[in-house]
1. Suppose we filter Thr245, Thr228, Thr160 for residues that are of a type in the set (Val, Ile, Thr) and over 21 Å from the mean Cα position of the chain (by Cα); which single one remains?
2. Can you tell me which condition Gly155 does not meet? The list is (1) surrounded by 14 or more Cβ atoms within 10 Å (Cβ to Cβ); (2) of a type outside the set (S, T, N, Q); (3) out of contact with any Lys or Arg (no Cβ under 6 Å at 6 or more places or on another chain), and all the others hold.
3. Out of segment 75-92, which residues are part of a helix (DSSP H, G or I), over 13 Å from the mean Cα position of the chain (by Cα) and aliphatic (A, V, I, L, M)?
4. When you check Ala314 against the structure, is it at pLDDT 80 or above, surrounded by 14 or more Cβ atoms within 10 Å (Cβ to Cβ) and assigned to a helix (DSSP H, G or I), yes or no?
5. Counting only residues that are under 30 Å from Gln48 (Cβ atoms) and part of a strand (DSSP E or B), how many does segment 187-237 have?
6. Among the numbered criteria (1) modelled with pLDDT under 95; (2) within 21 Å of Ala57 (Cβ to Cβ), which one does Gly171 miss?
7. In segment 46-70, what residues are in a strand (DSSP E or B), under 16 Å from Phe234 (Cα atoms) and of a type outside the set (S, T, N, Q)?
8. So Ser147 passes all but one of these: (1) hydroxyl-bearing (Ser, Thr, Tyr); (2) more than 25 Å from Leu85 (Cα to Cα); (3) within 21 Å of the chain's Cα centre (by Cα). Which condition number does it fail?
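The values are calculated or read from the model by the stated rules, or taken from the named source; none is laboratory data. Keep in mind that this is a model prediction, so the values were computed, not measured. So basically every Cβ, Gly included, is an ideal-geometry build from the backbone, and we count neighbours across all protein chains shown.
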Amino acid sequence: MKRIHYTVLVGALTAGASAAMADEGMWTLDHLPVQQMQQRYGFTPSQQWIDLVQHAAVRLNGCSGSFVSADGLVMTNHHCARSCLSQLSAKGVNYTRDGYAKEKEPKCPKEELLQLQSITDVTARVNAATKGKDGAERAKAERAVNSALAKECVGGDADTWRCDVVPLYHGGRYELYKYRRYQDVRLVFSPEESIAYFGGDPDNFNFPRYALDVAFFRAYQNGKPAKTPRYLKFNLDGPKEGELTFVVGNPGFTRRKTPWTSLAYMRDHVLTPSIGDLSEERGRLWQYSRKGAQQAKEAQDRLYFADNVLCGEAAAALGQQISARRLA
């Protein structure tokens, strides 16, 4: 699957191991392998469970989050709030660095939450519109039918709904995703960056973690907290060893079918050169941030991005786990 929206990943906290091991599998919510789940894990997800997961999960600015209360409270990662924190930070104020914990819930200027409502298979209609066409002609026809499908789906109420045609399996299947839009999103809480980012990116790619990597928003409707009856409840005891766990998120994709030769080329000719470029940029940003509080504020988001990508790309480029698994 080249591009997937709202995917579920299955894993288990393996007995005797110190880390959570993810099992093979990432699926869209409308095509969960129910029989295989029952055979392998003794668990059959009901339609009620699937609906809960689908409506509790939200998408925001390329991040995943979830409703965690009936009045629109949303939990996500700290870095997913960085743009809002920066936008709300007036002169002399730095909510990214110092955190936000006040009674007032200010509106994020450019934030939007999307809640998946339905998934519809539109493969037949897209194939009919593109049949016999190739190259630029096919691309034009696909854009036209996708636009028509999205327009019909929205139904003239673009403030409430958003619809996207999502290609899956390299164009083998097309699905129409309909989202409920929440354009009034307000900041509730964010910890100081020093505790949210504790351990830095080396710790960010490991489990368990010891950072308070969290932020809370609230979705509003008509000036009041939104009513969200489907939400995920906190388990204060946490997961136990050997317990089956699921992760739902958006966006998601997998390259599990990419040949090892392609991955090796990416490592040698894409990742490795970019590590050098990013390392140089990180050094410039770090030096610039030392000039004063305002400079540090200006550089912090890009510096965070450089750290995050560097750690992930270095692990991918230099690690041996991927090659060992692909060549096994």
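1. On the way: Thr245 fails: over 21 Å from the mean Cα position of the chain (by Cα); Thr228 fails: over 21 Å from the mean Cα position of the chain (by Cα).
Just one listed residue meets the conditions, Thr160.
2. Unmet condition: (1).
3. Within segment 75-92, the first condition is being part of a helix (DSSP H, G or I), and the residues that meet it are 78-88.
Still in the running and over 13 Å from the mean Cα position of the chain (by Cα): 82-88.
Matches in segment 75-92: Leu85, Leu88.
4. Details: at pLDDT 80 or above: no; surrounded by 14 or more Cβ atoms within 10 Å (Cβ to Cβ): yes; assigned to a helix (DSSP H, G or I): yes.
Answer is no for this residue.
5. The number of residues fulfilling the criteria is 10.
6. Going through (1) modelled with pLDDT under 95; (2) within 21 Å of Ala57 (Cβ to Cβ) one by one, Gly171 breaks only (2).
7. The initial filter retains those residues of segment 46-70 that are in a strand (DSSP E or B), namely 57-60, 63-67.
Those left that are additionally under 16 Å from Phe234 (Cα atoms): 57, 65-67.
If the condition is that a residue be in a strand (DSSP E or B), under 16 Å from Phe234 (Cα atoms) and of a type outside the set (S, T, N, Q), then Ala57, Gly65, Phe67 are the ones that fit.
8. (3)
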